[in-house]
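Below: the structure, in C-alpha cells.
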Amino acid sequence: MIKTDESNNLKICLVGPAYPYRGGISHYTTCLAKELRKKHRVYLVNYKRLYPKFLFPGKTQFDESKTPLIVESDRIIDSINPLSWVKAAFRIVRFNADMVVVQWWHPYFAPAIFTINSILRILGRGKIIFICHNVVPHEQSVLDGILARIAFFFVEAFIVQSKEDRDNLLGIKKNADLIVHPLPLFDFFKKGEINRQQARDDVHAVGENIILFFGYVRPYKGLQYLLEAMPLILEKIKIHLYVVGEFYEDSTFYKKLVREKKFARNVTFVERYVDNDEVEKYFVASDLVVLPYISATQSAIAQIALAFDRPIVVTKVGGLPEVVSEEKTGFIVPPADPEALASAVIKFFKEGWGTKMLPYFKEEKKRFAWGGLVSALEELFRK
C-alpha cells in the first residue's frame, strides 16, 4: 500500500544542491523539485556549505546570474560539519517522507550522506532512492569505490543516466534495483528573447560558420583533440570555434596548441563560467556543438544543445551515443581522434546537415522530458 498525504500525493524529500549554488547539479535539483511539485508534496534539503573554498577549483560556487533558477529549499547540510548531517536527518524524519531522493555525484559527500541515511533507516519510513550523476568521478582515486560503497549501503533503489553508469553501479552494488533514465532536457535557458543575428552580434561573430565547445574545461572533456582537428577542418571550410567555459586546469597548454597550429584568429576563448543570462546567445549563435570527450557518463551540455535544436558531434563514450541519434540530431565519432572529428564537422557543413537534421528534434526531445524522470521515480517507489 502506498502511503500518501491527505491530498493523495506522495511526500518526497529531495536532497541535493540548489540555489544559491551554480552549475548543472544545482539546476537539475531545481528542475526536478519543480516538476515533482506538480503532483507531490516536496521538501527540498539543500546545502549550507557545498565545498570548502580550498577544494573548489573554480572562482565561485555561487550563482551570480541576473536571472538565477530558484526554488524554495531548506539549507541545512554543511559538508564538513557532522552536526548538520544529524540535523538534516531529523528534519527529514519529522517531514515523514514516503520517499527520500538523494542527488549523488561525488564520493566527497559520502560521509554526510551515509550519516543521514543511517538515521533515516532507523527512524524514518521513506524509501531511499539515489539519482546518480556519476557513480564514480571522471578522475578517479583509490578511495572512490570504497566511499561509494559506504554511501550506497542503505540505498534501496537507483536511477542512473547511462548504461555505463548502470555497469559501474552493478560493479559496486550487485543486484541493485535500478532504472536507466537519460538526463532530462536542460530547456530552462531557452527564453526565445534573441534571434540568430542578434546572438551573433552579441558574441562578436564574423562571417564564418560557428562551432561551440561549452562548459567546464577538464582533461576528460577532450578539448585538445578538437583543437588538433581545427587545422584539418580549416583546409576544407571557413569556420570559427568558440571555447566557452571556466578552465579547471591551466589554459596555457591549449593556447600554446592554437599558436603552434596557427589558427588563433579562428578561435575565441571565453574563459569564465557563463551565467544563466548568457547561455542562450552562445547556442543560438552556433551552428554545431562539439563534445570531444574522452570519457563520460552523460552531459548536460548535450541536453542544452538539444533544447536549442542544435546538432551535436559527440564521441562514442559513456552515455553520449545514447543521447545523440546518428544523422538525426548529430554525429557520433571515435574518441581521441582529431581526423574523425574533422571529418564529421566538414561533412556537417559541406552537405547541409543542419537543415536535414532540424525536423527530427521535436520528436527526439520527447524522450528527455522531466515528467519521464518523475515517472521513473514513482515506478521505483511502487516496486
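Values quoted throughout were computed directly from the atomic coordinates according to the rules given, and no laboratory measurement underlies them. Since the model is a prediction, treat every value here as computed from it, not as a measurement. With ideal geometry, Cβ positions are generated from the backbone for all residues, glycine too; neighbour counts draw on all protein chains shown.
Considered as a group, the residues in the stretch 103-120 that are surrounded by fewer than 22 Cβ atoms within 10 Å (Cβ to Cβ) and among the β-branched types (Val, Ile, Thr) include one that is farthest from Ile76 (Cα to Cα), and that residue is Ile119. For the stretch 199-210, indicate whether the set of residues that are more than 26 Å from Phe253 (Cα to Cα), surrounded by fewer than 22 Cβ atoms within 10 Å (Cβ to Cβ) and in contact with a Leu (Cβ under 7 Å, 6 or more places away or on another chain) is non-empty. No; the residues of the stretch 199-210 include none that is more than 26 Å from Phe253 (Cα to Cα), surrounded by fewer than 22 Cβ atoms within 10 Å (Cβ to Cβ) and in contact with a Leu (Cβ under 7 Å, 6 or more places away or on another chain). Within this structure, Tyr28 passes the test of being within 23 Å of the chain's Cα centre (by Cα), in a helix (DSSP H, G or I) and not hydrophobic (A, V, I, L, M, F, W, C). Within the stretch 216-249, restricting attention to residues that are in a helix (DSSP H, G or I) and of a type in the set (D, E, K, R), the residue that is farthest from Ala264 (Cα to Cα) is Lys221.
Only one entry in Pro338, Pro292 is touching a residue at least 60 places away in the same chain (Cβ under 8 Å) and in contact with a Gly (Cβ under 6 Å, 6 or more places away or on another chain), namely Pro292. Just one of (1) buried (at least 23 other Cβ atoms within 10 Å of the Cβ); (2) more than 21 Å from Asn134 (Cα to Cα) fails for Ile301. It is (2).
When the criteria are applied in full, Tyr293 meets the requirement of being closer than 22 Å to Trp105 by Cβ, of a type in the set (Phe, Trp, Tyr) and buried (at least 21 other Cβ atoms within 10 Å of the Cβ).
Only a single item in (1) within 30 Å of Pro20 (Cα to Cα); (2) surrounded by fewer than 16 Cβ atoms within 10 Å (Cβ to Cβ) is not met by Lys256, and it is number (1). Helices (runs of 4 or more DSSP H) fully within the stretch 80-184 that include at least 1 residues being touching a Pro at 6+ places or on another chain (Cβ under 9 Å): 82-95, 110-123, 143-151.
Return the residues of the stretch 318-373 that are of a type in the set (D, E, K, R), closer than 21 Å to Gln224 by Cβ and not in a helix (DSSP H, G or I); say none if nothing qualifies.
To start, the set of residues in the stretch 318-373 that are of a type in the set (D, E, K, R) comprises 322, 326-328, 337, 339, 347, 350-351, 356, 362-367.
Right, trim to closer than 21 Å to Gln224 by Cβ and you get 337, 339.
Result: Asp337, single match.
Residues in the stretch 345-383 that are without any contact (Cβ under 8 Å) to a residue 24 or more places away in the chain and touching a helix residue (DSSP H, G or I) at 6+ places or on another chain (Cβ under 8 Å): Lys347 only.
Where residues in the stretch 324-383 are hydroxyl-bearing (Ser, Thr, Tyr) and within 21 Å of the chain's Cα centre (by Cα), which of them is surrounded by the most Cβ atoms within 10 Å (Cβ to Cβ)? I'd like the intermediate steps shown before the answer.
Looking only at the stretch 324-383, we keep the residues that are hydroxyl-bearing (Ser, Thr, Tyr), and these are 325, 329, 343, 355, 360, 375.
Next, from what is left, pick out any that are within 21 Å of the chain's Cα centre (by Cα): 325, 329, 375.
Working: Ser325: 17, Thr329: 23, Ser375: 14.
Looking at the filtered set, the residue picked out is Thr329.
Would you check if there is a residue in the stretch 46-60 being over 23 Å from Leu143 (Cα atoms) and hydrophobic (A, V, I, L, M, F, W, C)? The answer is no, given that none of the residues of the stretch 46-60 is over 23 Å from Leu143 (Cα atoms) and hydrophobic (A, V, I, L, M, F, W, C). In the stretch 50-72, the residue that is nearest to Pro20 (Cα to Cα) out of those that are touching a strand residue (DSSP E or B) at 6+ places or on another chain (Cβ under 8 Å) and acidic (Asp, Glu) is Asp63. Residue count for the stretch 80-90, restricted to those that are touching a residue at least 12 places away in the same chain (Cβ under 8 Å) and either closer than 10 Å to Ile116 by Cβ or surrounded by 18 or more Cβ atoms within 10 Å (Cβ to Cβ) (or both): 6.
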